[in-house]
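Read through the structure below, which is laid out as structure tokens, and then see the notes.
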Amino acid sequence: MKLTILGCYSATPRTLNNTTSQVLEINNHMFLIDCGEGTQVQLRKHKIKFNRIKHIFISHLHGDHFFGLVGLISTFRLLTREADLHIYGPKGIKEVVTLQMKLADSWTNYNLIFHELTSNKSELIFEDEKILVHTVPLNHRVYTNGFLFQEKEGDRKLKIEAVEAANINVAYYRKLTQGFDVVNEKGETIKNESVTRAGLKPKSYAFCSDTMYKEDIVSIIKNVDVLYHESTFLEKHAHLGPKTKHSTAKEAATIAKLANAGTLLLGHYSTRYDGLNAFKEEAQEVFDNVELCEDGKTFEF
Ligand SMILES: [Zn+2]
Ligand SMILES: [Zn+2]
């Protein structure tokens, strides 16, 4: 997986700070997560091909997470896109997008397929042969979901010497990598585990923004490899968390620790602070493996 941070600041875009948007490259997909104002400029800047984006996941309908969406949809139209575009987001997202297209009388010549979300429980919203995407219900001022992206368990690997010694016909090798027991040329049943081993460990990524501290997401994101959790505030402004329904860096780290995450990525910083190091320092009081998101930064895992 490769994650590119297009923007990771809260509230408003500024000369050097963009609002939330990320691209997750996973098994040939380019998933766009949130689409703050100016996302299409950031996509161009980081040379991400527009036509590879077929799925857009929007956490909530605050402007810093979706004001770039209509612009991007419109640009896709001008570029004569033909591929379907799937948009996952809160109920209302279809209305807000189509109203703007209707008043401009500029409908897309490709299919826009909306998947509107209303559940307060985690649900499966995307699945193909190799990937699963679940929602992570969050606690914010409006209806908000994070998203958990998971690779499925990969094929098992053959222990070639063992397979050959067991007299298994080559025609059954595919069955073995799929995890089935098979019958060998002498008619004996061969247990799968005796001739195969587990494939690569599947990876996972959770995006959790915007939210106040919400401990019950831990069970959904347990053991995630990489967790992005918003950290709008430092401890000195912790009192603003419940009021604005945002988190501090320390709270993000507490969630990472409880979830046994591999790495914590911080972002959605309030622009009231000079520099980001204090976010990392405060988070590391609770959880060691902390990285700071910055616009344009990439993470491979
Ligand atoms: Zn926000
Ligand atoms: Zn928000």
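Determine, yes or no, whether PHE114 is of a type in the set (Phe, Trp, Tyr), under 19 Å from the mean Cα position of the chain (by Cα) and either assigned by TED's automatic domain parsing to the domain that holds SER209 or surrounded by fewer than 16 Cβ atoms within 10 Å (Cβ to Cβ) (or both). Yes; evaluated as a whole, the condition is true for this residue. If you go through region 155-214 and pick out every residue that is polar (S, T, N, Q) and touching a residue at least 40 places away in the same chain (Cβ under 8 Å), you end up with 4. Would you confirm whether any residue within region 61-70 is at pLDDT below 95 and either in a helix (DSSP H, G or I) or closer than 25 Å to GLU151 by Cα (or both)? Checking region 61-70: not a single residue is at pLDDT below 95 and either in a helix (DSSP H, G or I) or closer than 25 Å to GLU151 by Cα (or both). Test of understanding: among LEU79, LEU99, which residue is without any contact (Cβ under 8 Å) to a residue 12 or more places away in the chain and out of contact with any strand residue (DSSP E or B) (no Cβ under 7 Å at 6 or more places or on another chain)? Residue meeting the stated conditions: LEU99. Screening the candidates PHE126, PHE76 for the property of being in a helix (DSSP H, G or I), aromatic (Phe, Trp, Tyr) and at pLDDT 95 or above yields one hit, PHE76.
Among the residues of region 203-232, those identified as open to solvent by less than 30 Å² (accessible area, probe 1.4 Å) and among the β-branched types (Val, Ile, Thr) are THR211, ILE217, VAL218, ILE221, VAL224, VAL226, THR232. Scanning region 254-261 finds one or more residues that are away from ligand 1 (no atom under 15 Å from the Cβ) and at positive phi.
For region 182-202, a residue qualifies if it is closer than 25 Å to GLU151 by Cα, open to solvent by 70 Å² or more (accessible area, probe 1.4 Å) and either assigned to a loop (DSSP other than H, G, I, E, B) or within 16 Å of ligand 1 (Cβ to nearest atom) (or both), and the qualifying residues are LEU200, LYS201. In region 6-21, the residue that is farthest from the chain's Cα centre (by Cα) out of those that are of a type in the set (Ser, Thr, Tyr) and within 15 Å of ligand 2 (Cβ to nearest atom) is THR12. Within region 135-154, is there a residue that is among the aromatic types (Phe, Trp, Tyr) and farther than 30 Å from ASP34 by Cα? For region 135-154, residues among the aromatic types (Phe, Trp, Tyr) and farther than 30 Å from ASP34 by Cα: absent. Summed over region 242-265, residues that are closer than 14 Å to THR211 by Cα and surrounded by fewer than 18 Cβ atoms within 10 Å (Cβ to Cβ) total 3. Which residues, taken from region 50-107, are among the small types (Gly, Ala, Ser), closer than 28 Å to TYR228 by Cβ and more than 16 Å from ligand 2 (Cβ to nearest atom)? Residues satisfying the conditions are GLY71, SER74, ALA83.
The values are calculated or read from the model by the stated rules, or taken from the named source; none is laboratory data. Computed from a predicted structure; not experimentally measured. All Cβ positions, glycine included, derive from the backbone under ideal geometry; neighbour counts span all protein chains shown. The accessibility values were calculated without ligands, DNA or RNA, using every heavy atom of the protein model including side chains. Shrake-Rupley method; radii C 1.70, N 1.55, O 1.52, S 1.80 Å.
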